1. Considering only residues that are in contact (Cβ under 8 Å) with a residue 24 or more places away in the chain and assigned to a helix (DSSP H, G or I), which ones fall in segment 26-40?
2. Please find, among 63, 10, 16, the residue that is surrounded by 13 or more Cβ atoms within 10 Å (Cβ to Cβ) and at pLDDT 90 or above.
3. Report whether or not residue 68 is part of a helix (DSSP H, G or I), without any contact (Cβ under 8 Å) to a residue 40 or more places away in the chain and more than 17 Å from the chain's Cα centre (by Cα).
4. Of (1) part of a helix (DSSP H, G or I); (2) without any contact (Cβ under 8 Å) to a residue 24 or more places away in the chain, residue 54 satisfies all except one. Which?
5. If you go through segment 48-64, how many residues are closer than 18 Å to residue 5 by Cα and within 13 Å of the chain's Cα centre (by Cα)?
6. Quick one: is residue 44 under 19 Å from residue 64 (Cβ atoms) and not acidic (Asp, Glu)?
Amino acid sequence: MSMNNIHRLLITSILLAIKYNEDDFYSNTHYAKIGGISMQELNTLEEEFIEGLKWNVWVDQELYEKYHSYLKHYQSLVVKEIK
């Protein structure tokens, strides 16, 4: 996994989360510009990501809290490294 892969994973997951949770959202072109990738690439990433999830984007509370805890722990490690 490289920083480019993580970047693409992050922008794609943010895009899907916004589309799932919001009725009104910007176009993929907008998010592609923000993410610094082409719209075609973002469209492909979105398609591959959602198909990888088998179109199941619902996350139950327990799983959400588990990964939220992991991310907070990871964040604390990164902040310590930066200092």
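1. Within segment 26-40, 35 is the sole residue that qualifies.
2. Exactly one residue qualifies, and that residue is 16.
3. Values: part of a helix (DSSP H, G or I): yes; without any contact (Cβ under 8 Å) to a residue 40 or more places away in the chain: yes; more than 17 Å from the chain's Cα centre (by Cα): no.
No, not satisfied.
4. (1)
5. 4
6. No: the conditions fail for residue 44.
The values are calculated or read from the model by the stated rules, or taken from the named source; none is laboratory data. Remember, predicted model here, so these are calculated numbers, not experimental data. Here the Cβ is made from the backbone with ideal geometry for all residues, glycine too, and neighbour counts use every protein chain on show.
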